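Report on one structure; see the data block that follows.
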Amino acid sequence: MLIPHDTRSALDTVVDLMNTAPESGQDDDLANVEALYDFVRKHSVSGVGELTQRDLRAVHGIRALFAEVFAAPDSRSAAETINRLVAAAGTTPQLTDHDGHHWHVHYFAPGASVADHLAADCGMALAFIVVAGEQERLRRCDAPDCGRAFVDLSRNRSRRYCDSRTCGNRLHVAAYRARRREAAG
């Protein structure tokens, strides 16, 4: 699946934003405005001015809608949520070539809030996945104690874990040890 740079970047942002949510009793990694500033810097979200508690609440709302897209039982449900996201953000496509990147499309309106920026650009990246008939690539980790979001970009859509070096490896080692105990026992 060929994904342009801006779409891939937006998908990475969606996943990282979703993975800030409190899960399994963990703290919210986006609990205050300073954490939101850190997130914006890490993801090079352009055109963001001063951030406030209002921005933080709005981004939490967008994060919840992204989670709805990942959990959607079918493409129609995912499309309905994505349509709400991008319509509410006042999507205004424009070509840009900033910061050393080649031409790409920004979907947020000039002067948009950080939540509208994320809703527009990330919502359109999710739309790209749904339009391509690839919604099943929007996944949650199969590790029983994880559930982090990821986009499966493997050729055969076989990725099951958010990170094969941690969750996947941990489960494979546990299964191996269980087989060894059973064989020895």
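The values are calculated or read from the model by the stated rules, or taken from the named source; none is laboratory data. Every value quoted in this text rests on a predicted model; they were computed, and no experiment measured them. All Cβ positions, glycine included, derive from the backbone under ideal geometry; neighbour counts span all protein chains shown. In case anyone asks, the SASA skips ligands and DNA or RNA and just uses the protein heavy atoms, side chains included. Shrake-Rupley method; radii C 1.70, N 1.55, O 1.52, S 1.80 Å.
Accessible surface area normalised per residue over the stretch 1-129 is 52 Å², counting heavy atoms of protein chains with a 1.4 Å rolling probe.
Solvent-accessible area assigned to carbon and sulfur over the stretch 120-166 amounts to 48 percent, based on a 1.4 Å probe. Helical content alone sets the calculated 222 nm signal of the chain at -16000 deg cm²/dmol, taking -39,500 (n - 2.57) per DSSP H segment of four or more residues and averaging over every residue. Taking a span of 18 Å or more along the helix axis (Cα atoms) and a mean Kyte-Doolittle hydropathy of at least -0.5 as the rule, the DSSP H helices of the chain that qualify are 5-18, 53-71, 75-88, 114-131. Annotation for the stretch 8-50: GluC sites (Glu not before Pro) lying in DSSP loop with at most 11 further Cβ atoms inside 10 Å of their Cβ are 50.
Computed over protein heavy atoms with a 1.4 angstrom probe, the accessible surface ordering of 121, 27, 97, largest first, is 27, 97, 121. The heavy atoms of residue 101 offer some 70 square angstrom of accessible surface to a 1.4 angstrom probe. The local environment of residue 101, defined by Cβ-Cβ distances under 15 Å, has a net charge of -4 under the rule Lys, Arg +1 and Asp, Glu -1. Taken about its Cα centre, the chain carries a charge dipole of about 1020 debye when Lys and Arg each add +1 at the Cβ and Asp and Glu each add -1 at the Cβ. Listed as lacking a disulfide-compatible partner in the chain: 122, 167, by the criterion of no other cysteine Cβ under 4.7 Å.
For an R0 of 35 angstrom, estimate the FRET efficiency from the Cβ-Cβ distance between residue 142 and residue 35 and round to the nearest 0.05. Step by step, r from the Cβ atoms, then E = 0.80. Full extension of the chain between residue 95 and residue 71 gives 5.5 nm of extra length, using 0.36 nm per residue less the Cα-Cα distance. With a cut-off of 15 Å between beta carbons, the residues surrounding residue 131 carry a summed charge of -2, where Lys and Arg count +1 and Asp and Glu -1.
The figure for residue 182 is an accessible area of roughly 150 square angstrom, using a 1.4 Å probe on the protein chains alone.
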